[in-house]
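Read the structure below first, then the notes.
Each reported figure results from applying straightforward, stated rules to the coordinates on display, with no laboratory input. Since this is a predicted model, take the numbers as computed values, not measurements. Glycine gets a Cβ as well: all are built from the backbone with ideal geometry, and neighbour counts include every protein chain shown.
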Amino acid sequence: MTDKILEKEQQLVQLLEQTFKNCTGKVVRERRVSVSVEKELIPSVLSYAKSQLGYIHLSHMSCVDWIEKNKFEIIYILWSPADKVQLFVKTMVNRENAEIDNIDMIWKQANTYEREIREMYGIQFNGLVGAQEFILEDWEDMPPMRRDFDTIEFVDDNFTFRKGREDAGNVREEIIKRSGEEIPDFAKKYSRD
Amino acid sequence: MLLAFVVGVFYGGFVRKITARVQNRVGPPVYQNFLDILKLYSKKTAINHGWMQHLGPAFAITASVTSLMFIPILNGTGWCVWFENLNFKGDLIFLLYMMVFGSLGMALGAGQTGNPNSAIGVSRGLSQMVGYEIPWVLAIVALMLQTKTTSLTGLVDFQVSNGTWMMFESPFAFIAAVLAMLGMFHYAPFDVPFAPSELSSGPASEFGGKYLALMMSSGSIFSFVKLVLIVDVFLGGAANLIMLVVKTFTLYMIPVLYGIVSPRYRTEQSIRYFWGWPTFFGIVGVIYAVFVR
Amino acid sequence: MINDKNSRKIADIIQDFSRKHSLFMLAYGTGCGAIEIPPTTTSRYDAERFGIRGMATPRQADVLLITGYLATKTLKRVIRAYEQMQDPKYVIGFGSCTINGGMYWDSYNTVKILSDYIPVDVYINGCMPRPEAVITGFIELQNLIKEGKANGAEQYKENLEWYRENQRKVIKNWKMPDYNW
């Protein structure tokens, strides 16, 4: 019974895997399909999806920083109003000298998303035209959304806190103490101590 | 003149209170406008952009006070000697000119500042004035043709001696004048030049402190002047102070109550309105005055 | 304006009475707390009965409301607006982001203590304060004016160097007109 319902999504995965090489797809759940390709094939996959398969709407572009694998992952989220299925197209980009082609000519809204990713992560888009400063003004440091940018250190260098309020303490630790659980390791880095 | 200032500012306060009550809330106390003007006068620094900006509000307040000097506020005996003011033949035409002079003053003062918002507000205000001047002038011309005088005291005497009000003698001119009056007070729906959300207050956007206080005072005096003018011309003047207050207040409620519930017209919409029915009534009034009487 | 209470003349008392009962606030919301300004000024929690109205330009306004967090980009523009206002002027800081950073205490882009950059007269607590709290803040400002203690503007003029040093530390590209009044 579940096979009947996921028929559209599985057909989509098979079609994409046959058309492009080195492309691996997966049906995440009903109405969501996720596909990974190499970064050189991105413009052709996206224009194929837009013109032939009916995925005419680019909802968002997003970026994940895999510092352990030394790569950035860029995700394009597409939506087809006819089939009502969401398609995630993912690529991996190297962390040093990160660059990828821009897809401005396929959808115009990609201009805004690419400028934001360029400012926050430092990935260069070949052929992207747009002002260098987008949200931050006069920013000279490392792009701030990368995981090796230490926010606490930056705040301690440039801003001061009000004296006499050090007893406000760490809210997270207080909650943990009252409820009796443990702080996991990855969250310990963001405490106020 | 002190009477005009006090009554004008009180009317402003009353309008705010009535607006608030219509909107189902308690408004500021009725003497609020006095406090606003007093506070604006006691600002310590005055920021200006040149000598023309001093002249602008000075022109405006000169215009209002001069117009005030030419209107007989009360007729009859007794109080007459204080409020008779200066009158001469043909002063109605002079008044028509003086009322335009006030807007000119503000336009000049706003132009000096170099703020583009002021420039747009001024151009909109002046083009709106083109709209409402036409029915107003037609109404006054109809009156002048009917009574064959051009002086205000002549009109007032005509009404007193004949025993009727001009409102009933030439009704079409009255309707045209009331509809034009809606635009003269710069109250909604015709407040495009002054609206805070349209253009950050249009012409007054660079005036702070003392200049703004002058503009507010001149605005209050000016509205009082216009009210008394219409009362004199159409409603037969007033014999004593209480009747004056009653008549002007009732007349003031027409634009105020209409304005509380209306949104704003754009400039071209307001001009199209003024050149429609009010002009029609004005022309009919002129024809009526010439041929029927 | 004279600071100590012993020598307040009659003219000062009348001026303060008129100033505290007709505060014109700049109708501009800087941060996410601006959503509490419309309920305060409309029918249910009426702020106009205290004489508070919204005006459109800094030249006509008395009170600057800093509602919420201030990014460094906004701080430059707010300083310009503050310097365009005329004396005597007051600043009210809404919310906990102006007091000690609030929810954005570890953000690289917001300022933490507001009174290092602009002199603040009254702080209102909350995230966001309810309209009743906002009106209480305004009444507190009125009491300060009555006693003659609301002189943030004079502090700014006297300690201009200190304020400028703090501002330049955060705002890197400084192209602003001089403050000459």
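Structure summary
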quantity	calculated
Members of C:20/C:149; C:112/C:157; A:163/C:112; C:89/C:112 lying beyond 19 Å, as alpha-carbon distances in this model show	C:112/C:157; C:89/C:112
Cβ neighbours within 10 Å from other chains - mean over C:38-47	2
Charge sum, other residues only, whose C-beta stays under 13 Å from residue A:21's C-beta, Lys/Arg counted +1 and Asp/Glu -1	-3
Segment A:1-66: chymotrypsin sites (Phe, Trp or Tyr not before Pro) in DSSP coil with no more than 13 other Cβ atoms inside 10 Å	none
At R0 = 30 Å, FRET efficiency that the Cβ-Cβ distance of residue B:23 and residue B:127 yields, to 0.05	0.50
Cβ-derived FRET efficiency at R0 56 Å, residue C:146 paired with residue A:18, nearest 0.05	0.10
Fully extended contour minus Cα-Cα distance, from residue A:56 to residue A:101, at 0.36 nm per residue	14.2 nm
Fewest-first sequence of B:246, C:63 by Cβ atoms within 10 Å of each Cβ	B:246, C:63
Chain lengthening between residue B:2 and residue B:97 when straightened (0.36 nm per residue, less Cα-Cα)	31.9 nm
Fewest-first sequence of B:136, A:139 by Cβ atoms within 10 Å of each Cβ	A:139, B:136
GNM result for chain A, Cα springs below 10 Å: residue of A:119, A:137, A:181 fluctuating most strongly	A:181
When each of A:108/C:169; A:90/A:177; A:39/C:175; A:21/A:108; B:148/B:247 is checked by Cα-Cα distance, pairs over 32 Å	A:108/C:169; A:90/A:177; A:39/C:175
Value at 222 nm in deg cm²/dmol, rounded to 500, when DSSP H runs of n ≥ 4 in chain A each add -39,500 (n - 2.57)	-8500 deg cm²/dmol
Helix A:42-51 axis, angle to chain A major axis (alpha carbon atoms, nearest 10°)	60
